[in-house]
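In what follows, a structure is listed as structure tokens, so that the remarks can point back to it.
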Amino acid sequence: SSLRKDRRLKAALYARYGTPEYVIVNVGQRTVEAYRDPDRTEARYRTSMTLEAGQTFTSAVVPNLSFPVAALFT
């Protein structure tokens, strides 16, 4: 239920207030979900991606923030 709340309620709230990047670490699936490009009027993010082991997350907003997704689950 927390993941559902993170994807729907929290994402909509953060988008409405213009948070440029919202990230969810999905422990159950061992993935990182990144949401970007908020549409404040529609309270949603225009861009989303799911990254898994073998991929690297690189923040679009925080300079020099980058890490291999697998590093979160070791």
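The values are calculated or read from the model by the stated rules, or taken from the named source; none is laboratory data. As the structure is a computational prediction, the values presented were derived from the model and not from experiment. Using ideal geometry, Cβ is built from the backbone for each residue, glycine included, and neighbour counts are taken over all protein chains shown. Each accessible area value is taken on the protein alone, full model and side chains, heavy atoms only, with ligands, DNA and RNA left out. Shrake-Rupley method; radii C 1.70, N 1.55, O 1.52, S 1.80 Å.
Just a few scattered comments:
- Rolling a 1.4 Å probe across all protein chains gives Ser1 an accessible area of roughly 130 Å².
- In the complete set of protein chains, residue-level accessible area for Thr19 is approximately 50 Å², probe 1.4 angstrom.
- A straight chain from Phe67 to Thr50 at 0.36 nm per residue would run longer than the Cα-Cα distance by 4.7 nm.
- Annotation note: trypsin sites (Lys or Arg not before Pro) in the stretch 19-74 located in DSSP loop regions with a Cβ neighbour count of at most 13 within 10 Å are Arg30, Arg40.
- The relative contact order of the stretch 1-45 comes to 40 percent, based on Cα pairs under 8 Å that sit 6 or more residues apart.
- The heavy atoms of Leu9 offer some 120 square angstrom of accessible surface to a 1.4 angstrom probe.
- Heavy atoms of the protein chains alone define the surface here; on that basis the chain has 69 Å² accessible area per residue at 1.4 Å probe size.
- Rolling a 1.4 angstrom probe over the chain with all protein chains present gives an accessible area of which 50% lies on carbon and sulfur atoms.
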